[in-house]
Amino acid sequence: MTDLWWKSAVVYQIYPRSFADADGDGMGDLRGIIDHLDHLAGLGVDVIWLSPIYPSPQDDNGYDISDYQDIEPVFGDLATFDELLAGVHERGMKLIMDLVVNHSSDEHPWFVESRSGKDSPKRDWYWWRPAREGMQPGAPGAEPTNWGSVFGGSAWEFDESSGEYYLHLFSTKQPDLNWENPAVRQAVYAMMNWWLDRGIDGFRMDVINMISKVLPLADGRVTAGSAYGDGSPGFVGGPRLHEFLQEMHAEVFAGRDALLTVGEMPGVTVDEAKLFTDPERGEVDMVFQFDHVWADRGDDPWRLEPLRLTKLKGIFHRWQAGLAEVGWNSLYWNNHDQPRVVSRYGDDSAAHRVASAKMLGTVLHLHRGTPYIYQGEELGMTNYPFRTIEDFRDIEALGQYAQALDQEGRTPEEVLTVLRARGRDNARTPMQWDASPHAGFTTGTPWLAVNPNHVEINAEAAHADPDSVYHYYRRLIELRHTEPAVVDGDFTMLLPDHEQLYAFTRRLGATELLVVGNFSGEPVRADLGDDWSGAELLLNNLPKPPDDWTLQPWQAVVYRR
């Protein structure tokens, strides 16, 4: 695997509507990204991943696509995209696009045609089903299965004109494409080839492990307190998934050089990921798994659980060990669907925000795998101080709030407590460029409120401060680019039962790295049982190294011997 360039690469995710607005309409755009490419080049990242920029009704912020081969006018046009792509390539970086093909928008011409009648030539491009046997179409409970949607409510929408239902695992405006139909697959591959021919460098594939459904579609198990059945056994990791991904690889990626493919796969196991990412099988280069960002979830979705570090370490260790010989890990704390990690697993108080942001970055980036940075993470951006449900814009938060109150008997404060801490809008507040009104994101009114702490936390201040999170992330990325043990070294977990310290080694040949991070707000001594006294200190996120191996609150160190 030594020739696989993405092993030593670092990827930066841009959520375009929140990154930078060049025309003052309150929504980020491609010109805004072009204007800030030097921020990313200065950071040292190798790849930029763009969340969807295709034409879309924006029901799910662009993950509902109505045209796969154009640009949403709010963001710009194809000419501006080509300019962006050229600017990325000129700076020695690559660009990958978000691929959303489990579902389309209900306004996509494919679905408009499919919905036009039962005899439409594209009827079976989507999942249409009659009402449950013996029940009146459109009546409560007549849905073909009892599956719930990820965004709340039923996963089936009744279509008055035909008397049938269509499947939407997400929003009602995101009907699922029927991958059993070869014509659907060929249309998707043609579109992917069109983008690659235009010069992009790969794809991040949205919920790609949901494209194969178990036939026939059947009811899911209903748990206590839930209004709907759990349909996930019927659509997560379905029986033809490997076949579809191998076909996609052969039709799209085979014979092309230097591409990156990453599949988002909620619920994927280590053993499954080993198959998906084995280069010999020709599926994807790496997957996004969710175990580590679900480590603070309990059985009750509306109760916050404190993070147990031993649980988090167990998850990472399982993935590091499982993909040690075959396959490859992706490494991330943040993305557009996760709250800010410094608020979640760190300490976003003024006293510890910078140190804990650096510590979290250190621990993650020194694992074996390809790290992903989400916009603002390199600044130590935090969660937003949401007050009421009116402050939220995310379709998932609004849908789940309504379902929890209306159908599950929850109180507003119970649900808001969790949404404030875990809601996706935490990641989507505008990028904080400077201390001016609206953080330099826009001269207009931002589509989502800017975090008031942008006065202190912003890129301009970070660039000027040599001790900032930004400059520390530059050193982390440089270490990956220059020290082969970070990329190819084997991984050994230390102190697996310690609830405050996260420690491990990476070894390649005669070189060994030691990484220790203090996940707590108090000094903790590291009893490593090994003598590292003569080792070289490569990274330290605090002014002084540990005294007698006592790490200060949120301290992280990397040694080499």
>> Please state the shape class of the stretch 353-455: rounded when a/c is under 1.5, otherwise prolate if a/b exceeds b/c and oblate if not, all from the C-alpha gyration tensor.
In response: oblate
>> Roughly how far apart, in whole Å, are the Cα centres of the stretch 1-80 and the stretch 330-375?
In response: 21
> Near the amide H of GLY148, under 5 Å away, which other amide H atoms are found, from residues 5 or more places off or on another chain, if H is placed in the peptide plane?
Replying inline: ALA155, GLY229, GLY231
>> With angles folded into 0 to 90 degrees, how steeply does helix 353-365 sit against the dominant principal axis of the chain? Use alpha carbons for both and round to 10.
In response: 80
> Using the Cα gyration tensor of the stretch 401-506, with a ≥ b ≥ c the square roots of its eigenvalues, what is the shape: rounded (a/c below 1.5), prolate (a/b larger than b/c) or oblate (neither)?
Replying inline: oblate
> Relative contact order, percent, of the stretch 256-407 when contacts are C-alpha pairs under 8 Å separated by at least 6 residues?
Replying inline: 18
>> List the residues, sorted by chain then number, that are 5 or more residues from ASP176 or on another chain and whose placed amide H is less than 5 Å from its amide H.
In response: TRP127, LEU167, HIS168, LEU169
>> Under the rule a/c < 1.5 gives rounded, and otherwise a/b versus b/c splits prolate from oblate, where does the stretch 287-431 land using the Cα gyration tensor?
In response: prolate
> Just for the chain, what percent of DSSP beta bridges are antiparallel, to the closest 5?
Replying inline: 55
>> How tilted is helix 309-322 with respect to the longest principal axis of the chain? Cα atoms for both, answer in degrees (0 to 90, nearest 10).
In response: 80
> Of all the accessible heavy-atom surface of the stretch 1-66, with the other protein chains kept in place and a 1.4 Å probe, what percent is carbon and sulfur?
Replying inline: 44
> How large, in percent, is the carbon and sulfur part of the accessible surface of the stretch 444-561 at a probe radius of 1.4 Å?
Replying inline: 50
>> Leaving out ligands and nucleic acids, and using a 1.4 Å probe, what accessible area per residue does the chain come to in Å²?
In response: 37
> Roughly how tilted is helix 182-198, in degrees to the nearest 10 and between 0 and 90, from the longest Cα axis of the chain?
Replying inline: 40
> Using modelled amide H (1.01 Å from N, peptide plane; none on Pro or chain starts), what sits under 5 Å from the amide H of GLY202, excluding residues fewer than 5 places away?
Replying inline: MET97, LEU260
> Which three extents, in whole angstrom, do the alpha-carbon atoms of the chain cover along their principal axes, largest first?
Replying inline: 76, 52, 50
> Of all the accessible heavy-atom surface of the stretch 115-212, with the other protein chains kept in place and a 1.4 Å probe, what percent is carbon and sulfur?
Replying inline: 49
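The values are calculated or read from the model by the stated rules, or taken from the named source; none is laboratory data. Worth saying up front: this structure is predicted, and the values here are computed from it rather than measured. Each accessible area value is taken on the protein alone, full model and side chains, heavy atoms only, with ligands, DNA and RNA left out. Shrake-Rupley method; radii C 1.70, N 1.55, O 1.52, S 1.80 Å.
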